[in-house]
1. Of Gly485, Tyr412, Ser51, which is farthest along the charge dipole of the chain in the positive direction, counting Lys and Arg as +1 and Asp and Glu as -1 at C-beta?
2. Quick one: net charge around His100, please, counting Lys, Arg +1 and Asp, Glu -1 for every other residue with C-beta under 11 Å from its C-beta.
3. May I ask you to order 59-66, 114-121 by the average number of other C-beta atoms within 10 Å around their residues, highest value first?
4. Around Glu143, under 9 Å between beta carbons, what's the net of Lys plus Arg minus Asp minus Glu among the other residues?
5. Over the Cα atoms of the chain, what is the Rg over Rh ratio if Rh follows Kirkwood?
6. List the aspartates and glutamates whose Cα lies under 14 Å from the Cα of Lys313, skipping any in the same chain that are fewer than 8 positions away.
7. Determine the shape class of the range 46-135: with a ≥ b ≥ c the square roots of the Cα gyration tensor eigenvalues, call it rounded for a/c under 1.5, and otherwise prolate if a/b is greater than b/c, oblate otherwise.
8. DSSP loop (so not H, G, I, E, B), at most 12 other Cβ within 10 Å: list which trypsin sites (Lys or Arg not before Pro) in the range 399-486 pass both filters.
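Each value in this text was obtained by applying a stated rule to the coordinates, not by laboratory testing. Bear in mind that the values here come from a model prediction, so they are computed numbers and not experimental data. All Cβ positions, even for glycine, are placed from backbone atoms using ideal geometry, and neighbour counts span all protein chains on display.
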Amino acid sequence: MTRRVVLVTFFFMVANAIAQIPKGVEIRKSLVRITTTSQEPDYKVPWNPGSMSVGVGAGFVIDGNRIMTNAHVVSNARFIVVEKEDDPQHYPATVQFIGHDCDLAVLRVLDKGFFQNTRPLTSGGIPAIESPVSVYGYPIGGERLSVTRGIISRIDFQTYTHSGIDSHLAVQIDAAINPGNSGGPVMQEGKVVGVAFQGYSGDVAQNVGYMIPTPVIRRFLKDISNGRYDGYVDLSLTYFKLVNPAERHALGLPDNEQGVMVSSVSSAGCSYGVLQQGDVLLTIDNLPIASDGFVQLDGERVEMPEIVERKFKADKVKLDILRDKKKRTVEMQLTGNWPYLMQANHYDSPPRFVLFGGLVFQPLSKNFMDAYQVEDMRLRYYYNFFVTDEIYKTHPEVIVLSNILPDPVNAYLSDLRFQIVDDINNKKVRTLEDMANAFAQKSDYYLIHFVGSARPAVLERSAVERARDRIIGNYNVQKEQFVEGGLFR
């Protein structure tokens, strides 16, 4: 069964919260109600500003007169107001930093008077399995503090729904969940041990929710401490377990249950040129890697990627490896891996496109696929295998003829919709900017060739120029292109 994960927040009862909070800690002086007016981009009509909506979320005050919340609470925001308990005033706020890969954000309130009589919360550690926690926030439409209690039931890596592709440490809570607000603090003994952020829909699992734990929170806050958010780094490789004794003997490994084998190395990542397929990873930063891919960290067994999860851009990592049955030590400087971002949800920027002669061209992305629900097999292959088959080497951006605004200038081209652009007038198109530049060149005709198709789309420049005002007027086109911010970086 497909798991349908929905963004939710946990709902609560004040009496339970009072029992959970140590004496002297007043959560009502720390909790914040956030109302966000957002605008959802329209990928089918990319020149339109998109539809407006209003949502309510939770947050809490942290040091430095800042508010922490979920990224999904303030994504695509056009206007944000925050409220605090026992204060009828609405305070405008802005997003100072946002991490869509870890679903966290920090807000600034324009009126510094907002923080009078507030108390910043401090963070604790990772709570123990079966220990109780309290989760704070606001129910749908509620304007007063609410809380519920839950039990920590699991600690492992989970996909963060907001980005749709990033997996980080997450803590499962046995607590009642209803669709609603997110971003509230999860408390234990007066300290924040997590931020409530997602859970299962009721038809999949009940009383199961997740919080973002403090290692992820602390990493985010440290990352933004220099005035910018760089995001997560990645080893950019895949590996498999080495638990089969015969396999270990063939590789020259002892029966010590240590080591995993590299199965692939991304050419766009930091491991390329340092590691190779078939290498056996024995240790990472001097920590032994078990044959199931786990390491001991801070007294807990965690998956090997957690070591890199806590590092930052340009940090180094050291690995002891076995290659051709010989041990060696390698070191690499960590970076991100931009091709992975093609399959991630994107926020806070308008859709990129080029409109020419009524033909709409857009780069392939998760937002694009979600909007169009494309069934074309070639296009789905380019999307699904963009990283694993390293399609990004020849197509850093996969440019698609996404739509056609019917007009005499583009008659008989409708069956070319969802084709992938290969070149224009025999000049390769690798990015949307290439596409815009090709149409900017003066030419009597524009021959657009598509991947895997012998038939080009042909546009006559003079006919396109005559049709321009007609198409703009007929389809209420606000702008004819937006190409900035490419390559998912």
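1. Of the options given, the answer is Gly485.
2. After counting each charged neighbour, the total is -4.
3. With the highest mean Cβ count within 10 Å placed first, the list reads 59-66, 114-121.
4. My count for the surroundings of Glu143 gives +1.
5. When Rh is taken as the Kirkwood radius, the ratio is 1.02.
6. Asp223, Asp230, Asp234
7. Oblate.
8. Passing sites in the range 399-486 are Lys442, Lys479.
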